[in-house]
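Only the coordinates and a few stated rules stand behind these numbers; no lab work does. The structure displayed is predicted, hence computed values, not measured ones. Cβ placement follows ideal geometry from the backbone for every residue including glycine, while neighbour counts extend to all protein chains displayed.
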Amino acid sequence: MKAVRVLALLGVLLPAVARAQGANEFAVQRAAEPPRIDGVLDDSVWSRAPLGIPADGWKSYQPIRGDPMSADHRTEVRIAYDDRNIYFAFLCFDHEPGRLRSTVSKRDNSFSDDWVAISLDSNGTGQAAYHLFSNPSGSQMDALNTASSGEQFDADFVWFSAAKTTPDGYVVEVQIPLQTLRFSGGDQARMGLVFFRKVSRIGMSYAWPEMLPGQWVFDRPAHLLFDNLEPRRLVEVLPSVTYAVNQDRATADVWNPVLDKANVGLNGKFGVTSSVTLDGTVNPDFSQVESDAYQVEVNQRFPVFYSEKRPFFMEGMGLFNIAGTGFGGNMRTAVHTRRIVDPNWGSKLTGTMGKTTFGVLNAQDDSPQDVGDRGDAFTTRDKLFTIARATHAMRRSDYLGAIFTDTHHAGRHNQVVGADVLVRPSSAQQVSATFLWSRTSVESDDTGGNGMQASYRYETRRFQVSSQAEHYDRDFQMDTAFYNRTGFSAVWVFSEVNFYPTASWLQRVHPFVFARRGHDDVQGGNEDEVNAGLRFNVTRQGFFEVAHARGHEAWLGQRYQVGNDLFVFGRMQVFRWLDFYAGNARGPAIYYDDEDPFQGRSVSVFAGVTLQANRHLSESVELNAVRFNRQSTGEQIYDVRIINSKTTYQFDKHFLARYQAQYDSSARRLLSDFLASYEFVPGTVFHLGYGSLHERRADANGMLVAVEEGERYLTVNRGLFFKASYLKRF
């Protein structure tokens with residue numbers, strides 16, 4: 001009888017949320033009834049024991065690698081599932097709960113707060129994972145993480161969270177619908193898992209399992225096992241309606257008639273299989289709700305990048321990127337969907353079959369803008385885009401990949417075929433290579449070229465070395481990509497050494513050096529750069545850098561000096577309610593004129609501050625100012641000031657009111673924009689906005705003309721819009 005009691009007691013005490021199956025492998029138990037997602041762990045399913053994470057299992061990964069989490073911040077995790085959802089519960093202890101930083105904010109806007117997060121590789125392939133974050137107010141952040149692109153916060157997923165602060169920390173509950181995830185079901189489904197937690201006031205981020213230097217979520221995750229977990233076929237429709245009225249000023253005293261426009265569109269999503277999804281859109285209105293922040297566009301050698309903000313293109317786009325893009329390289333992304341301006345329709349097929357992940361995107365653009373020197377008449381001709389991408393997983397996050405892009409536009413045809421590979425020879429090393437072949441036909445004229453890169457990274461707790469060599473032929477073209485230039489070859493090397501002082505406020509000191517050498521065939525000359533400096537990480541998420549750079553660039557067959565005599569930058573969360581950053585750079589620069597370039601000197605100042613008056617009200621202001629003088633005479637050529645201001649009142653995590661003001665002195669324009677927005681889940685949204693554009697104009701013979709000084713700003717355009725959509729899942 002005594003043995004029976006012991007067995008019964010053991011049955012109660014077993015961690016039924018997750019029974020250890022091996023090293024960091026856990027079997028998740030079914031919930032008899034679903035928990036209420038309210039931030040209170042009083043549901044019967046949460047009475048089970050927490051996941052068996054060792055007390056010293058949580059280790060820091062940013063800004064320091066490998067420090068154990070303090071016992072004052074221990075974290076308990078519980079997991080359950082049923083036929084519809086996977087549930088997570090986090091009990092995040094904190095010995096100073098009054099110092100937690102938590103705001104009520106819109107999606108993807110709380111990264112300075114305390115938070116806890118999940119990385120879930122639902123297919124278990126090591127190629128793609130859902131990253132879901134929640135702060136102590138339940139505000140959400142989410143991203144799609146892929147082996148080739150890293151974290152892409154463009155994606156928004158349907159999931160639910162609730163959180164509450166407690167006398168000893170905070171609690172977060174998460175509900176992930178199975179329809180949101182792509183996975184292969186069966187008697188025992190297996191998913192990769194990593195947990196994160198950030199402690200805001202010390203600026204330290206932790207992970208379990210530990211992520212060693214040079215590693216990320218796919219290298220040594222834990223694994224969850226689910227018995228008889230069957231996917232739920234995804235079928236959803238998303239109708240949308242937009243109505244806008246707009247009015248332009250004719251003269252200083254007269255407005256043109258009001259123009260109005262209504263648009264009704266339909267998006268749909270269908271689960272072809274449990275891990276393959278087809279998305280489609282017909283007659284979408286892809287106008288942006290959030291205006292692009294003004295950037296300095298005067299005297300820029302390379303194009304200015306603006307992020308994608310349209311939901312149809314945002315979801316899953318990390319799957320389409322290739323190795324070697326991003327930091328330091330010529331190509332920022334192989335698929336920049338803002339090249340597709342105003343599509344009549346679009347389709348996207350994404351999924352996983354075995355170890356192969358793939359995506360196919362098609363769209364017809366009604367208003368292409370990137371027509372080169374073919375003339376404005378071609379902007380009225382439709383442009384057809386076809387993009388295909390596939391990766392085949394090897395061990396861990398290693399993969400072999402291929403990409404194909406094809407565009408047709410009024411007699412012009414551009415095709416690119418490419419392959420890439422990423423391997424990790426050891427835990428500290430990563431090697432990647434990419435080759436792209438392009439062909440462009442305009443009527444009977446054919447041109448073609450290649451683009452290629454090879455990169456290497458070595459990272460330990462003490463050292464980091466990264467290097468990349470790349471080459472782009474003069475006639476290489478890729479209509480879908482965002483890249484700076486063609487007709488050049490270059491190689492760069494970056495290295496830093498990390499020191500970890502014992503001072504409580506100073507976390508990391510890392511001197512660095514960056515060196516670059518190349519040749520530009522188009523501009524006819526060699527280029528070089530050496531940049532060396534010192535970086536510091538301090539408590540309160542503080543980061544500071546002091547650096548000196550010197551180099552040369554070729555422009556129109558001449559060689560000019562570029563660099564920074566002194567670069568200074570710093571950012572810090574000074575108080576829970578105050579974040580700031582500021583920087584200054586000054587040094588030799590080029591005036592990039594196609595006929596009369598010359599050597600100059602540039603001074604730039606950039607700064608930003610965010611005031612969080614309370615959990616709901618925030619104000620952010622950013623300044624970017626650049627002054628350029630001719631070096632030989634000291635003559636001032638231009639002085640540009642960009643100011644972006646945003647005031648937001650977030651009533652709860654769904655509803656906000658926001659006022660935005662943006663000023664550009666070079667264009668003599670001021671944009672003011674008011675928005676009221678409600679988002680229940682991604683897809684079910686309601687927006688009401690009013691915007692007006694003010695420019696320095698004068699009335700000349702019954703026409704408005706731009707003026708330099710002496711005239712007031714006039715409102716030259718104003719408009720009101722309403723946009724609504726509703727997500728229905730079946």
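Summary of values
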quantity	calculated
Cut-off 14 Å between beta-carbons: net charge of the residues surrounding Ser489, Lys and Arg +1, Asp and Glu -1	-2
Cα lying deepest toward the dipole's positive end in the chain, options Gly689, Gln636, Phe544, charges on Cβ	Phe544
Net charge of neighbours whose Cβ lies under 10 Å from the Cβ of Thr648, counting Lys and Arg as +1 and Asp and Glu as -1	+2
Selection from Gln561, Thr647, Ala481, by position along the positive dipole direction of the chain (Cβ)	Thr647
Pairs beyond 22 Å (Cα-Cα), from Lys106/Lys646; Lys348/Lys646; Lys383/Lys728	Lys348/Lys646; Lys383/Lys728
Cut-off 20 Å (backbone N to label point 7 Å along Cα→Cβ of Arg395), residues of segment 170-213	192-193, 210-213
Rounded to whole Hz, the Karplus (6.51, -1.76, 1.60) HN-Hα couplings of segment 180-193, x for glycine and proline	6, 8, 10, 7, 9, x, x, 4, 8, 7, 10, 10, x, 8
Qualifying chymotrypsin sites (Phe, Trp or Tyr not before Pro) for segment 298-339 [loop in DSSP, other Cβ within 10 Å: at most 14]	Phe305, Tyr306, Phe327
Loop-located trypsin sites (Lys or Arg not before Pro) in segment 671-717 whose Cβ has at most 13 other Cβ within 10 Å (DSSP)	Arg712
Cβ-derived FRET efficiency at R0 25 Å, Thr273 paired with Lys355, nearest 0.05	0.95
Amide hydrogen neighbours beyond the local backbone of Tyr483, cut-off 5 Å, H modeled	Arg332
Alpha-carbon centroid distance for the pair segment 89-156 / segment 657-699, whole angstrom	28 Å
Of Ala155, Ser184, Gln127, farthest towards positive along the dipole that unit charges on Lys, Arg, Asp, Glu beta carbons give segment 103-239	Ala155
Cut-off of 10 Å, at most 11 other beta carbons, DSSP loop: longest stretch of the chain lacking such GluC sites (Glu not before Pro)	1-442
Unit charges on C-beta of K, R, D, E only; dipole of segment 305-486, Debye	1020 debye
Taking N as its residue count, the alpha carbon Rg of segment 14-229 over 2.2 N^0.38 Å	0.94
Given charges at beta-carbon only (K, R positive; D, E negative), |dipole| of the chain in Debye	2160 debye
Estimated vicinal HN-Hα couplings, Hz - segment 474-488 in sequence order (Karplus 6.51, -1.76, 1.60; Gly, Pro = x)	4, 9, 5, 9, 9, 4, 8, 9, 10, 9, 7, 7, 10, x, 7
q = 0.08 Å⁻¹: log10 I(q)/I(0) that the Debye formula gives for segment 305-486, counting C-alpha atoms only	-0.28
Rounded if a/c under 1.5, otherwise prolate or oblate - segment 32-129, Cα gyration tensor axes	rounded
In segment 445-552, the chymotrypsin sites (Phe, Trp or Tyr not before Pro) that fall in loop regions by DSSP, at most 11 other Cβ within 10 Å	Trp505
Computed E for Ala250/Trp437 - FRET, C-beta separation, R0 41 angstrom, nearest 0.05	0.20
Folded to 0 to 90 degrees: helix 2-13 orientation relative to the chain principal axis, Cα	10 degrees
Sequence-distant lysines (8 or more away, or on other chains) whose Cα lies within less than 23 Å of Lys59	Lys198
